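The values are calculated or read from the model by the stated rules, or taken from the named source; none is laboratory data. Values in this document were obtained by computation on a predicted structure and should not be read as measured data. Here Cβ is always computed from backbone atoms with ideal geometry, including for glycine, and neighbour counts include all displayed protein chains. Accessible surface is based on the protein model in full, side chains and every heavy atom, while ligands, DNA and RNA are left aside. Shrake-Rupley method; radii C 1.70, N 1.55, O 1.52, S 1.80 Å.
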Amino acid sequence: AKTYPDSTVLAYHFSERGAPPKDATKNANNATAAGTVSEGSLIAAGMRLLGGNPIEIPASASLEWKAGQEWAWSAWVKSAAAPGANTILFSRVDGGNGLRVGFNETVPFVELLTNGSSQKTPAGDPV
């Protein structure tokens, strides 16, 4: 059985075929739509992100962000080709505040939105 610490609020393995991704934690933060399966990923099947079929997750109490709260986000990403300019991998925006993780061509970035103002990490090394 898969087990996660209580602090883990969402974990997708993307092993569902033709069904929305299911959360492997106790929180049941299941996605609302199926993505495109990619066979032969590092561990079992994966998810192909084509830009037109985002994985949307309904709001829940376990996904609420509180001021000053610590958190971590991780993903295993293998790109078949260089991403385009400002390709968004993860986005969470609530009003004028939010967070985006993505690539500008082959350079990863994190963008913070605070009261509608944007601040991006400086350009780093390409991946």
Taking into account only those residues within segment 1-20 that are among the polar types (S, T, N, Q) and touching a residue at least 12 places away in the same chain (Cβ under 8 Å), which is least open to solvent (accessible area, probe 1.4 Å)?
8
Can we say residue 92 is touching an Asp or Glu at 6+ places or on another chain (Cβ under 6 Å) and among the basic types (Lys, Arg)?
no
Could you grab me the full set of residues in segment 96-126 that are small (Gly, Ala, Ser), open to solvent by less than 70 Å² (accessible area, probe 1.4 Å) and not in a strand (DSSP E or B)?
96, 116, 124
Just checking, which of 55, 88 is in a loop (DSSP other than H, G, I, E, B) and touching a Gly at 6+ places or on another chain (Cβ under 7 Å)?
55
Within segment 21-72, the count of residues that are in contact (Cβ under 8 Å) with a residue 24 or more places away in the chain, open to solvent by less than 40 Å² (accessible area, probe 1.4 Å) and aliphatic (A, V, I, L, M) comes to 4
Go through segment 60-103 and report how many residues are under 26 Å from residue 39 (Cα atoms) and of a type outside the set (Phe, Trp, Tyr).
16
Near pairs, Cβ below 7 angstrom, 6+ apart or cross-chain, from segment 116-127 (among the aliphatic types (A, V, I, L, M)) to any residue that is open to solvent by less than 70 Å² (accessible area, probe 1.4 Å)
123/107; 127/106; 127/108
